[in-house]
1. Tell me, which residue of segment B:65-78 that is open to solvent by less than 70 Å² (accessible area, probe 1.4 Å) and more than 10 Å from DNA strand D (Cβ to nearest atom) is farthest from the chain's Cα centre (by Cα)?
2. How many residues does segment B:79-95 contain that are away from DNA strand D (no atom under 16 Å from the Cβ), open to solvent by 20 Å² or more (accessible area, probe 1.4 Å) and not in a loop (DSSP other than H, G, I, E, B)?
3. Can we say residue B:133 is crowded, with 21+ Cβ neighbours inside 10 Å and among the hydroxyl-bearing types (Ser, Thr, Tyr)?
4. Taking into account only those residues within segment A:20-37 that are more than 16 Å from DNA strand D (Cβ to nearest atom) and more than 11 Å from the chain's Cα centre (by Cα), which is farthest from the other protein chains (Cβ to nearest Cβ)?
5. What number goes with the only condition from (1) touching a residue at least 24 places away in the same chain (Cβ under 8 Å); (2) away from chain A (no Cβ under 14 Å); (3) within 16 Å of DNA strand C (Cβ to nearest atom); (4) not aromatic (Phe, Trp, Tyr) that residue B:42 does not pass?
6. Condition check: within 12 Å of DNA strand C (Cβ to nearest atom) and either surrounded by 20 or more Cβ atoms within 10 Å (Cβ to Cβ) or assigned to a helix (DSSP H, G or I) (or both). Does residue A:103 satisfy that?
7. Quick one: count up the residues across segment A:42-64 that are within 13 Å of DNA strand D (Cβ to nearest atom) and either closer than 25 Å to residue B:144 by Cβ or not in a helix (DSSP H, G or I) (or both).
8. Aliphatic (A, V, I, L, M), within 12 Å of chain B (Cβ to nearest Cβ) and within 13 Å of DNA strand C (Cβ to nearest atom), is that true of residue A:54?
There are 2 protein chains.
Amino acid sequence: MGKLREPLNLLYGDNCALPLALEAMGERWSFMILRAAFNGVHHFEEFQQELSIARNILSNRLSKLVDHGIMAREVMAEDRRKVRYELTEKGLELLPAMIALRQWGEKWGAGVPSTPVLVDVRDEQPIGAVTITAHDGRPIGHKELVWKHRSELQPLGQARARTDERMAPVAAE
Amino acid sequence: MGKLREPLNLLYGDNCALPLALEAMGERWSFMILRAAFNGVHHFEEFQQELSIARNILSNRLSKLVDHGIMAREVMAEDRRKVRYELTEKGLELLPAMIALRQWGEKWGAGVPSTPVLVDVRDEQPIGAVTITAHDGRPIGHKELVWKHRSELQPLGQARARTDERMAPVAAE
DNA sequence: GAGCTGAGTTGCATTTTGCAACCTGCATCC
DNA sequence: GGATGCAGGTTGCAAAATGCAACTCAGCTC
C-alpha cells in the first residue's frame, strides 16, 4: 500500500461529511453507474453496454459501491451465472444529490433536454428543482445563507420541529 | 493528444445533463475546492493549505473551474501578486448539489457532525434537508417517482406554474 | 460434453496524481 | 535601487488509476 491517494475522509473527517461522501461517490464513473442503476439497470453487461465503460473499471467500481453499501450484489437463484446489482436505501438516498447535479448541468450546459425525466407518479408532472430550504421548508438562495459553527448555534425554540419528515436535519446531533 | 478519457458529455450528451455536470465537477478535488470556496477561501495558498492538495493539481483544477465558468480569476489591483478566485453565479448554483452530497455523507457516514453548518440569515436556524419535490413543492421520496421519456409527458394543465421561481424546471423546453 | 453466456480477471500501454524542488513577477525594506 | 520575501504558479519524476483487448471460468443449454 503506497501512501498516495490518502482517503479524503481521513484528512477532513472531523469537520465535514463531504469528503466522506466523495470517498464513495467522487470518482469519474460512480455517478454514471448510479444513474444507470436508477434507470433500472441491474446487470454487469447492461452497465457495460449502457456506459461504454471498461470492464475492469466497472468491476472495480461496482465492488466499491457494494463495499460502501450503496449497492447490493446478489447472485440470482434461477441462473447462478447472473448477478443482480440493486440500489440499497443508502444508494437510493443519493437521488437528491444526483438530480441536483443533473439539473445544474441542464441549466448551465448548452440547453440539454435530459431524457428520461423524473415525474411524480401521482400526476405524471416532472419534478421541481432541487433547492436549499430553511428549516420550515421555505426555499432560500445562497444570498440568504451564512456559515455558522456548530457551537454558536441558537438554542432553538419551537422553530426546529417538522424538519425531519424526510431525513435527519443537518443540525441533528 | 491520446484518445483516452473521452469527455463523458460527448458520449452521452444527447439524453442527459449529468455527464456534462460531471465533466466539470466529477474530479476528486473539485467538490472540495468548491466547498472551500463556499467557506470563503479565495487565494491559491489558502486553498493549498486548507485542502493539503498538491500545488500542480490545485493549479490545474482551478484553471478548469475557471474554464468551465464556475470560478472567476482576478488579479488583485492593490497587490498584483495576488489572485482572487471567486465563485460565479454558475458556481454558486452548485450549492444544492454540494449540500445534498454532504447531507448524505452526514446521514450515512459514522455520525459526523459537520462544521461549519449553513444557517438561514434570518433566524440563524440550520437549513433543512435537500429533497426532491413535486412541481408544486411538496417533497416526494424515490418510491413516488418514475422515469418518463420527454415525449410521453402530459400536455400539462395549469399545474406547471410557479415551479420556476428559483430555477428553470426540469422539463422546461 | 461442446458450445454459449454472464461476470469477471490479467497484461500492458497511456494518463493522471502526488511530491518536492524550482521559477518568476511584484512588493517591501533598508 | 539592490537584497529579500512572497503569491502563484511550473517542471521532473515516481506511483497509481484508467483504458483496452484478450483471456478465464463457473454455470447453463442442447
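The values are calculated or read from the model by the stated rules, or taken from the named source; none is laboratory data. Fair warning: this is a prediction, and the values are worked out from it, not measured in the lab. Positions of Cβ are generated from backbone atoms using ideal geometry, with glycine treated the same way; all protein chains shown enter the neighbour counts. For the accessible areas, the whole protein counts, side chains as well, though only heavy atoms, and no ligand, DNA or RNA atoms are used. Shrake-Rupley method; radii C 1.70, N 1.55, O 1.52, S 1.80 Å.
1. Going through the qualifying residues, I end up with B:72.
2. Residues in segment B:79-95 being away from DNA strand D (no atom under 16 Å from the Cβ), open to solvent by 20 Å² or more (accessible area, probe 1.4 Å) and not in a loop (DSSP other than H, G, I, E, B): 3 in total.
3. Spelling it out, residue B:133 is indeed crowded, with 21+ Cβ neighbours inside 10 Å and among the hydroxyl-bearing types (Ser, Thr, Tyr).
4. So the first thing to find is which residues in segment A:20-37 are more than 16 Å from DNA strand D (Cβ to nearest atom), and the list is A:20-21, A:37.
Adding the requirement that they be more than 11 Å from the chain's Cα centre (by Cα) leaves A:20, A:37.
Values: A:20: 4, A:37: 12 Å.
Of everything passing the filter in segment A:20-37, A:37 is farthest from the other protein chains (Cβ to nearest Cβ).
5. (3)
6. Numbers: within 12 Å of DNA strand C (Cβ to nearest atom): no; either surrounded by 20 or more Cβ atoms within 10 Å (Cβ to Cβ) or assigned to a helix (DSSP H, G or I) (or both): yes.
So residue A:103 fails the test.
7. Number of matching residues: 3.
8. Details: aliphatic (A, V, I, L, M): yes; within 12 Å of chain B (Cβ to nearest Cβ): yes; within 13 Å of DNA strand C (Cβ to nearest atom): yes.
So residue A:54 fits the description; yes.
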